[in-house]
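Colleague: Quick one: the structure is below, and I'll ask about it shortly.
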Amino acid sequence: MTAGLTIGKAARAGGVGVETIRFYERQRLVAQPPKPMGAGVRLYPADTVERIRFIKEAQELGFSLREIHELLALRADPVADCSDVRERATAKLDDVRRKIQRLQDIGAALERLIAVCPGSGGLQACSIMDALTPHPGQASRRRRDGASSQSNPSDEGNAPMKNATFKIEGLRCDGCADTVKGLVGKEPGVKAASVSFADGEARVLYDPQATDEERLVATIQKPGFRVIERR
């Protein structure tokens, strides 16, 4: 009896699809068996299944294909040391922790944007869309300050932001609300602002290192409106 597995049987035993094995072959992670003479099919040795499972587990742990290449090379090296594998696993763990921190930062930023979103009305009043839309000069300023912003943890992207809600007296229409939003949005340190005529209030997300509530109140009251409550 001829030893070996067809690609379908190897795939089932390894817990992957046939196309996955072909992909591994193209990436030189799995060796493609030679085609037999005549009309026979390629047969994979039993250790191919073990190799496929190894690759799959490494991928699930977050290792890239390049890193898996290196792990497989170590696995095949008779003089390789466990410390080599430990070093790679430690580097991957550090990378995973950085990604988790980045995701947590993104989650916190989204929470802040959602907190000041009015939740209704046209897109022109949406503070989330406003925060995602580049304003004139913003891109060039980011390029100019790029190096320092990446190394300084107190920059706007990383500094703790604050939410403030101001109850406003004197808003008579959506135009009044747009006026207040425009003024507040131009204040240094303001990340997002929404103003609702229906609710008679403004919600502001701002950097306390760049501005404060007193300054925001003064800005809101410039056109003649009055802030009667803040929270």
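The values are calculated or read from the model by the stated rules, or taken from the named source; none is laboratory data. Given the structure is predicted, the values throughout are model-derived calculations rather than measurements. FYI the Cβ positions are ideal-geometry reconstructions off the backbone, even for glycines, and counts take in every protein chain you see.
Colleague: Is it true that V116 is under 30 Å from A202 (Cβ atoms) and in contact with a helix residue (DSSP H, G or I) (Cβ under 6 Å, 6 or more places away or on another chain)?
Modeller: yes
Colleague: For V41, indicate whether it is part of a helix (DSSP H, G or I) and either under 20 Å from G4 (Cβ atoms) or in contact with a helix residue (DSSP H, G or I) (Cβ under 7 Å, 6 or more places away or on another chain) (or both).
Modeller: Answer is no for this residue.
Colleague: Hey, could you check the stretch 188-198 for residues that are among the small types (G, A, S) and assigned to a loop (DSSP other than H, G, I, E, B) and say which is surrounded by the fewest Cβ atoms within 10 Å (Cβ to Cβ)?
Modeller: This residue is A198.
Colleague: So, one more: Tell me, which residue of the stretch 199-231 that is of a type in the set (D, E, K, R), exposed (fewer than 13 other Cβ atoms within 10 Å of the Cβ) and in contact with a Lys or Arg (Cβ under 9 Å, 6 or more places away or on another chain) is nearest to P160 (Cα to Cα)?
Modeller: So the residue we want is R231.
Colleague: Failed condition for D94, given (1) in a loop (DSSP other than H, G, I, E, B); (2) exposed (fewer than 13 other Cβ atoms within 10 Å of the Cβ), with all others met?
Modeller: Single failed check for D94: (1).
Colleague: Looking only at the stretch 54-83, count how many residues are charged (D, E, K, R) and surrounded by 14 or more Cβ atoms within 10 Å (Cβ to Cβ).
Modeller: The number of residues fulfilling the criteria is 3.
Colleague: Restricting the search to the stretch 127-182, which residues are among the acidic types (D, E) and modelled with pLDDT of 60 or more?
Modeller: D130, E169, D174, D178
Colleague: Which one of these is within 16 Å of R88 (Cβ to Cβ), at pLDDT below 95 and more than 27 Å from the chain's Cα centre (by Cα): L61, L74?
Modeller: Selected residue: L74, the only one of L61, L74 that is within 16 Å of R88 (Cβ to Cβ), at pLDDT below 95 and more than 27 Å from the chain's Cα centre (by Cα).
Colleague: Same structure again: Hey, can you tell me all the residues within the stretch 68-89 that are of a type in the set (D, E), touching a helix residue (DSSP H, G or I) at 6+ places or on another chain (Cβ under 8 Å) and more than 19 Å from T48 (Cα to Cα)?
Modeller: D84
Colleague: What is the residue count in the stretch 87-100 for residues that are free of Cβ contacts under 8 Å to residues at least 24 places away in the same chain and either more than 25 Å from L71 (Cβ to Cβ) or among the aliphatic types (A, V, I, L, M) (or both)?
Modeller: 4
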